[in-house]
Amino acid sequence: MDYHSLTKQITDLLTKNNYWFETFEHEPVFTSEEAVKTRPGYTLHQGAKAILAKIEKKNKEEFFVMFVVPGDLRLDSKKIKQILDIKSFRFATEEELMKVTNGLQRGALPPFAHFFNLSLYVDKRLLENEKIVFNAGDRRFSVAMKTKGYQELAHPQVIDIAMG
């Protein structure tokens, strides 16, 4: 299959650095609930849901960041505003997502912000899993890897940003 070039960049990065991972090729998925059905042996809580958001600081400065939460949780806007001391944030539009990520579709965003020169904030509950799984640049391709390896490669800022 023809995937976005980022898919190969991710698997090459994991291979080159000798990290354990496994891949899943599947029908296109659009939600975490659909994705979990294509990943045998993994739970919704292990799904790393990556979200591109636009932040507005109190001084009116705006920029994009990446949030990652377990697939069964959602972002808590009150916590984010308080912890990051910002005025507001909103989800990126489809057009903004494609521009910032060099053409990725909604639902294909992997939880690696360094590919896009973004800050990365990961909810602490995701990292309680031994392994995580995520769409890797395409809605038809998932990668699972050990959480310890993910933390070593992604260098996330770990905070409490999700709610059930």
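The values are calculated or read from the model by the stated rules, or taken from the named source; none is laboratory data. Here the structure is a predicted model, which is why all the values come from computation and not from measurement. Please note: Cβ atoms are built from the backbone with ideal geometry, for glycine as well, and neighbour counts cover all protein chains shown.
Things to note:
- Residue ID - nearest to Thr43 (Cα to Cα), chosen from residues in segment 152-163 that are touching a strand residue (DSSP E or B) at 6+ places or on another chain (Cβ under 8 Å) and surrounded by fewer than 17 Cβ atoms within 10 Å (Cβ to Cβ): Met163
- All positions within segment 56-99 that are part of a loop (DSSP other than H, G, I, E, B), loosely packed, with under 12 Cβ neighbours inside 10 Å and of a type in the set (D, E, K, R): Lys58, Lys60, Glu61, Asp85
- Of the strands (runs of 3 or more DSSP E) that lie entirely inside segment 103-149, those containing 2 or more residues that are of a type outside the set (Asp, Glu) and under 17 Å from Val29 (Cα atoms) span 131-138, 141-146.
- Taking the criterion of being exposed (fewer than 13 other Cβ atoms within 10 Å of the Cβ) and touching a helix residue (DSSP H, G or I) at 6+ places or on another chain (Cβ under 9 Å), the residues of segment 19-39 that qualify are Trp20, Glu27, Glu33.
- Criterion (of a type in the set (Lys, Arg), touching a residue at least 12 places away in the same chain (Cβ under 8 Å), in contact with a helix residue (DSSP H, G or I) (Cβ under 9 Å, 6 or more places away or on another chain) and closer than 17 Å to Thr23 by Cβ) met by exactly one of Lys131, Lys87: Lys131
- Restricting segment 41-55 to residues that are surrounded by 20 or more Cβ atoms within 10 Å (Cβ to Cβ) and within 20 Å of Thr23 (Cα to Cα), the residue that is farthest from the chain's Cα centre (by Cα): Tyr42
- Just one of the listed residues (Phe134, Phe116) is surrounded by fewer than 21 Cβ atoms within 10 Å (Cβ to Cβ), at pLDDT 95 or above, within 13 Å of the chain's Cα centre (by Cα) and of a type in the set (Phe, Trp, Tyr), namely Phe116.
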